[in-house]
Every structure is written in C-alpha cells, then in structure tokens.
Amino acid sequence: MRIRPGSPSQKSLFQAADVAIQSLATNTPIYLVGESLGTGVASYLAGTYPDKVTGVVLFAPYNRLTDVAQYHMWLLPVHLMLADRFPSQDYLRNYHGPVGILVGGQDTVVPEKFGRRLYAAYAGPKQLWDFPEATHETVTERPPEFWKQIVNLLAWQTCHRQRLR
C-alpha cells in the first residue's frame, strides 16, 4: 500500500482518484461505489470521466457537503468557512449513466434529505432506495436480494451502450 503525503482534503482525494481511474484499463466497464464522504469523490470521477464510468452507486450521499455542514452547524456561516465543498450535484451534471442512491431514514450524519436532493437533481437513469430504519452505519447492510437490484440497474447501462455501438 502506498501512503500519500499531506493531509486529506478535497484536492488530495480528487488527485488520488484521478491517478487511480487513469491507471485502469480502458476496455472494461468501470463502476464506482461511494459511501458518505466517498460519494463526493465518486461523483467527481463520474463527472470528470463520463466516458470511462459505466455506473455509480452512492450510499448515504449528499448534494453538496456545504449543505450538510450548514444543517449541523446552522448558526455559523458554513458556506464561507468550509474549504472542501464536494459539490456532488454539480459534478453529476456531466455524467449520464445510471446512478443508484441509497438513503437511510435514521441517518443523523448525512440525513436522507441530502441524498434525495441529489437524486432529484440528477437527470440520467437513476434509482432511489430509501431504508427508513437505516442509520449512517447500517445503510450498506442489505440482504443479497437487494444487491441484485443494484446489478440490474448497472447492467442497464452496459446493455444500452452495446446497442448504441
């Protein structure tokens, strides 16, 4: 494992993600999965490399990290203070493949309304899964039958791209 120098930030995470996606083979489908803060990185990659990314699944995502921070620190001018903004909604405007979004109704870290905002703003093929009982820590804990739904969503894009060729 290679340790990257410096502290984690939006810039350093995006740089590491750029290096990773550029090192992947170009003749195979690339699927991105992000959870919580990682959904911002996955959204960035999908929007920056829309022709390389075949599908995206986001667990406990947000439309913009600044909105989540403002929700938690409502009294402070967070939009002026936060350096790392992770504007997922903005990045996904450049991507048009399938996006799966999973939100938890009991998520107090990234409340479901931020994932719903991201879902509403996305114009491509999409699927929203809402788990009213799920918390931030349990939103990924799904039975095997559920994962088949994700595979079906992502397979749609693979079939769609092959028909266009």
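Residues to consider are Leu118, Leu128, Leu153, Leu102; find the one that is of a type in the set (A, V, I, L, M, F, W, C) and modelled with pLDDT under 95.
Selected residue: Leu153, the only one of Leu118, Leu128, Leu153, Leu102 that is of a type in the set (A, V, I, L, M, F, W, C) and modelled with pLDDT under 95.
Among the residues of region 101-118, is any outside any loop (DSSP other than H, G, I, E, B) and β-branched (Val, Ile, Thr)?
Scanning region 101-118, I find at least one residue that is outside any loop (DSSP other than H, G, I, E, B) and β-branched (Val, Ile, Thr), so the answer is yes.
Which numbered condition in (1) at pLDDT 95 or above; (2) surrounded by fewer than 18 Cβ atoms within 10 Å (Cβ to Cβ); (3) within 18 Å of the chain's Cα centre (by Cα); (4) not acidic (Asp, Glu) is the only one that Tyr71 fails?
(3)
In the list Asn152, Asn63, which residue meets the criterion of being within 14 Å of the chain's Cα centre (by Cα) and either part of a helix (DSSP H, G or I) or of a type in the set (S, T, N, Q) (or both)?
It is Asn63.
Kindly indicate the residue of region 24-59 that is hydrophobic (A, V, I, L, M, F, W, C) and in contact (Cβ under 8 Å) with a residue 60 or more places away in the chain and also farthest from Phe114 (Cα to Cα) among those meeting that condition.
Val57
Kindly indicate the residue of region 3-35 that is touching a helix residue (DSSP H, G or I) at 6+ places or on another chain (Cβ under 9 Å) and part of a helix (DSSP H, G or I) and also surrounded by the fewest Cβ atoms within 10 Å (Cβ to Cβ) among those meeting that condition.
Step by step, filter region 3-35, then rank; the result is Ala20.
The values are calculated or read from the model by the stated rules, or taken from the named source; none is laboratory data. Keep in mind the model is a prediction, meaning the values are calculated, not measured. Neighbour counts are summed over all protein chains in view; Cβ atoms, including those assigned to glycine, are modelled from backbone coordinates with ideal geometry.
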